[in-house]
């Protein structure tokens with residue numbers, strides 16, 4: 001007499017959900033649904049194992065369901081950290097990976113009475129891989145008020161590579177006296 005396996009819709013449903021969950025767990029935003037499908041696949045796999053129906057499908061549904069949950073959580077944590085580095089919300093942490101050396105604010109007046117201004121800032125990538133940096137620097141007067149702000153976009157700096165940028169190359173005449181005695185400060189740094 002042949003041994004018959006019990007059939008269970010839970011095993012098949014769990015396996016289908018697990019395959020969909022593991023397949024979509026690598027896709028941003030969609031992997032939110034993968035997380036839920038992974039939980040359902042795991043629950044269906046456990047129910048099917050308890051009922052002792054179709055052990056092979058149940059185990060595969062259980063393993064793939066758990067894997068999809070783990071992959072989804074770890075990728076979302078990784079993406080969250082990356083977004084923090086890209087939005088400037090993690091400036092102190094990003095500054096450990098880049099050296100920002102702010103020079104002196106220089107003004108020169110040409111023979112026609114036009115004043116040229118610049119603040120040289122040297123950016124050095126301290127990581128071991130190519131990175132891009134967005135840096136916001138502000139000029140603050142003696143009272144602590146913001147005079148002006150400028151941005152650096154250092155794209156694709158190789159490991160230990162440096163680049164110098166000239167900021168505040170145009171300053172209006174009404175801000176010029178305050179800029180000559182200004183303090184320059186890094187406001188926000190993003191890395192990607």
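The values are calculated or read from the model by the stated rules, or taken from the named source; none is laboratory data. All values reported here derive from a predicted model rather than from experimental measurement. All Cβ positions, even for glycine, are placed from backbone atoms using ideal geometry, and neighbour counts span all protein chains on display.
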Considering only residues that are surrounded by 15 or more Cβ atoms within 10 Å (Cβ to Cβ) and closer than 13 Å to residue 107 by Cβ, which ones fall in region 167-184?
168, 171, 175, 178, 179, 182
I'd like to verify a number: residues in region 49-74 that are modelled with pLDDT of 90 or more and surrounded by 20 or more Cβ atoms within 10 Å (Cβ to Cβ), how many?
7
Options 44, 26, 35: the member that is under 28 Å from residue 131 (Cβ atoms), in contact (Cβ under 8 Å) with a residue 12 or more places away in the chain and not assigned by TED's automatic domain parsing to the domain that holds residue 131
26
Taking region 105-139, which residues are touching a helix residue (DSSP H, G or I) at 6+ places or on another chain (Cβ under 8 Å), touching a residue at least 60 places away in the same chain (Cβ under 8 Å) and crowded, with 18+ Cβ neighbours inside 10 Å?
105, 117
Please tell me if residue 66 is out of contact with any strand residue (DSSP E or B) (no Cβ under 9 Å at 6 or more places or on another chain), in a helix (DSSP H, G or I) and more than 30 Å from residue 190 (Cβ to Cβ).
yes
Those residues that are surrounded by 12 or more Cβ atoms within 10 Å (Cβ to Cβ) and closer than 12 Å to residue 121 by Cα, I need them from region 140-163; list them, please.
150, 151, 152, 154, 162, 163
